[in-house]
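This report refers to the structure that appears directly beneath it.
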Ligand code: GTP
Ligand code: SPV
Ligand code: MN
């Protein structure tokens with residue numbers, strides 16, 4: 001049996017509550033050894049992973065890993081928020097009683113680390129010294145070395161982050177057990193996996209995956225689900241699936257900060273890594289604070305709404321990342337960055353990597369190339385040519401220090417003041433390029449009715465969105481009505497209200513399917529308009545669903561777009577919007593305790609649409 005006390009003492013971890021917690025799970029899982037890790041252990045652990053074949057070299061200072069082929073994404077059905085209070089049940093949080101889930105998970109975990117090392121990862125999900133740091137501290141235990149390596153890239157890791165706790169028992173207990181991936185029945189009725197956040201006990205119990213969103217517990221389980229619950233219970237903050245960027249105007253010397261939520265795989269990382277388009281680069285610089293999570297609170301001394309990124313790295317979608325779409329991402333994962341790739345295509349002979357959209361065509365010489373499952377591309381039969389080389393959800397992992405446009409003050413304890421909150425989904429019609437909303441309740445209403453189109457899902461009805469309130473549907477920790485009220489309370493307490501906006505980079509031509517807006521770098525243009533609107537420098541055109549820019553107000557210098565497409569993305573399609581309003585009403589009616597202010601906002605928008613001329 002592992003000598004837990006000796007391992008923790010050797011690492012200088014003196015907190016008796018950590019000892020008690022680690023000892024409990026070391027006993028339960030039967031771990032043979034216990035090893036406390038910190039960021040300083042990275043080089044040694046990388047070497048061990050290479051020696052063990054868990055990683056392969058992908059050029060100098062870069063690594064390749066492949067996860068089990070049935071374990072490549074988050075599983076929403078198997079994800080549960082458990083508490084001791086049935087009132088925490090929402091529509092999306094798959095609520096279960098804590099008394100039922102804890103014994104069930106403990107049963108699964110019993111004996112699972114026999115013969116294995118239990119890694120103990122003390123971590124912090126905030127800039128050091130931030131006022132929310134007490135809610136951001138945790139200790140993950142795991143049996144998987146590549147999970148440790150990812151955690152070191154994605155969060156601040158080391159025993160020192162546990163030293164400043166006022167109450168030494170107040171850290172999140174984050175237990176990760178990979179399980180026998182080949183015998184878990186993933187996706188079948190016998191599915192053994194469970195990803196449970198016992199939110200009111202601040203304990204995370206994840207069993208059955210080593211994929212990022214299921215296994216890096218600081219990121220999604222703590223940074224989003226536990227954070228959301230704690231933010232509500234403490235009445236202090238919001239934890240959101242948001243990117244967070246700075247825009248610096250060199251001409252006026254002003255700094256702006258915008259955060260916002262787009263559902264998974266809808267463009268947060270790309271927006272945060274955005275280079276200003278050539279025509280605007282002399283005047284504006286975009287800096288990266290965060291690309292997936294933001295915590296928001298009101299600074300009591302200034303009354304400003306503040307935001308910070310709890311993460312320390314980027315876990316980004318590889319697909320379509322190239323010199324044209326996202327040169328910043330490519331620089332962040334260049335040789336020497338210690339980046340780790342997961343489930344892309346790999347050539348062990350040349351140590352090259354490739355994914356769909358990296359170049360227009362895959363490498364012409366297929367010799368040595370393996371697809372994401374490890375099968376040689378050259379052996380593909382006819383008819384398999386269409387199969388992707390990389391998994392569509394293949395990812396790269398790199399630390400913030402590698403991101404060329406990282407904000408100079410990303411690590412500042414204070415966080416940054418928020419000027420605007422934007423929401424955006426993938427919507428092929430109806431949603432204009434941008435529509436701005438000054439009113440808080442209407443802004444929150446807009447976020448709650450955020451949707452992305454039902455893609456190929458059989459049951460998805462034409463024109464009906466898969467609603468994803470605030471892009472938080474998979475991370476919702478408590479009831480949606482309570483969430484809406486908490487959001488109104490937190491943002492409403494700020495003296496200088498942020499402006500809200502809904503953006504859409506994904507409107508398509510109904511005939512040939514092309515994207516009407518070029519997107520990527522050009523997305524800065526509507527954001528600049530939004531800031532000008534907030535400053536009173538432009539007026540826009542008021543519509544029932546918000547203010548949209550006139551063609552003249554939008555800086556379009558050097559943009560490749562036809563007059564017809566531009567007109568479409570700057571207009572409101574009244575019949576489509578009226579159809580949508582009926583769906584929204586059904587969607588909102590699903591939730592208990594929805595604040596009256598949200599219903600009033602809904603009725604105001606519906607009435608204004610009635611009045612709007614066609
Ligand atoms: P998660 O990490 O899953 O939360 O995703 P994300 O919201 O960070 O999405 P990401 O930025 O990784 O983008 C997902 C996909 O959308 C990538 O394949 C991008 O290339 C593509 N994408 C991002 N921005 C744009 C855009 O402005 N236009 C178009 N057409 N595609 C985009
Ligand atoms: C997402 O799925 O929204 C992600 C990646 O950001 S994961 O870590 O899988 O949640
Ligand atoms: Mn995400």
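Annotations
- Our summary gives segment 43-101 a relative contact order of 19 percent, counting only alpha carbon pairs under 8 angstrom and 6 or more residues apart.
- Relative contact order of segment 526-577, pairs being alpha-carbon contacts under 8 Å that are 6 or more residues apart, as %: 28 percent
- Judged by the ratio a/c of the largest to the smallest principal axis of the C-alpha gyration tensor, segment 147-270 counts as prolate, that ratio being 1.5 or greater while a/b is larger than b/c.
- Working ranking of peptides 557-568, 353-364 by packing, defined as the average number of other Cβ atoms within 10 Å per residue, highest first, is 353-364, 557-568.
- Going by neighbour counts of Cβ atoms within 10 Å, the residues 126, 266 line up, fewest first, as 266, 126.
- Stretched out straight at 0.36 nm per residue, the stretch from residue 85 to residue 116 would grow longer than its current Cα-Cα span by 7.6 nm.
- Cα→Cβ-extended label distance, 7 Å offset, between residue 69 and residue 593, nm: 4.6 nm
- 19 Å cut-off, amide nitrogen to a point 7 angstrom out along residue 514 Cα→Cβ, residues in segment 428-455: 428-430, 433
- Residue 180/residue 412 FRET efficiency (R0 60 Å; Cβ-Cβ; nearest 0.05): 0.85
- Inter-part distance, segment 488-547 to segment 1-49, computed on C-alpha centroids, equals 48 Å.
- Panel order for 163, 610, by other beta carbons found within 10 Å of each beta carbon, from fewest to most: 610, 163.
- Between segment 343-411 and segment 304-342, the alpha-carbon center distance in angstrom: 15 Å
- Calculated over the chain: convex hull of Cα atoms, volume per residue (Å³): 157 Å³
- Pairwise FRET efficiency - residue 439 versus residue 254, Cβ, R0 = 22 Å, nearest 0.05: 0.35
- The chain: angle of helix 145-154 to the longest principal axis, Cα-based, in degrees nearest 10: 40 degrees
- Ordering of 490-496, 248-254, 90-96 by burial proxy (mean other Cβ atoms within 10 Å per residue, highest first): 90-96, 490-496, 248-254
- Each peptide in 301-308, 482-489, 220-227 gets a packing score, the mean of other Cβ atoms within 10 Å over its residues, and the list from highest to lowest is 220-227, 482-489, 301-308.
- In degrees, nearest ten, helix 42-51 long axis to first principal axis of the chain (Cα): 70 degrees
- Residue 235/residue 349 FRET efficiency (R0 56 Å; Cβ-Cβ; nearest 0.05): 0.45
- Stretch gain in nm, segment residue 567-residue 99, where the contour uses 0.36 nm per residue and the Cα spacing is subtracted: 162.8 nm
- Estimated from helical segments only, the mean residue ellipticity of the chain at 222 nm is -7000 deg cm²/dmol, where each DSSP H run of four or more residues counts as -39500 (n - 2.57).
- Compactness of segment 111-214 - radius of gyration and Dmax, Cα, Å: 14.8, 46
- Degrees separating the helix 480-492 axis from the principal Cα axis of the chain, which is the longest one: 70 degrees
- Take the Cα radius of gyration of segment 301-453 and divide it by 2.2 N^0.38 Å, N being the number of residues; the result is 1.37.
- Amide N of segment 55-73 lying under 11 Å from the label point, which is placed 7 angstrom from the Cα of residue 373 along Cα→Cβ: 69-70
- For 285, 502, 206, 514, the sequence from fewest to most other C-beta atoms within 10 Å is 514, 285, 502, 206.
Quick note: the coordinates plus some simple rules give every number you see, no bench work behind them. Predicted, not measured: the structure shown is a model, and the values here were computed from it. Backbone-built Cβ (ideal geometry, glycine too); neighbour counts: all protein chains shown.
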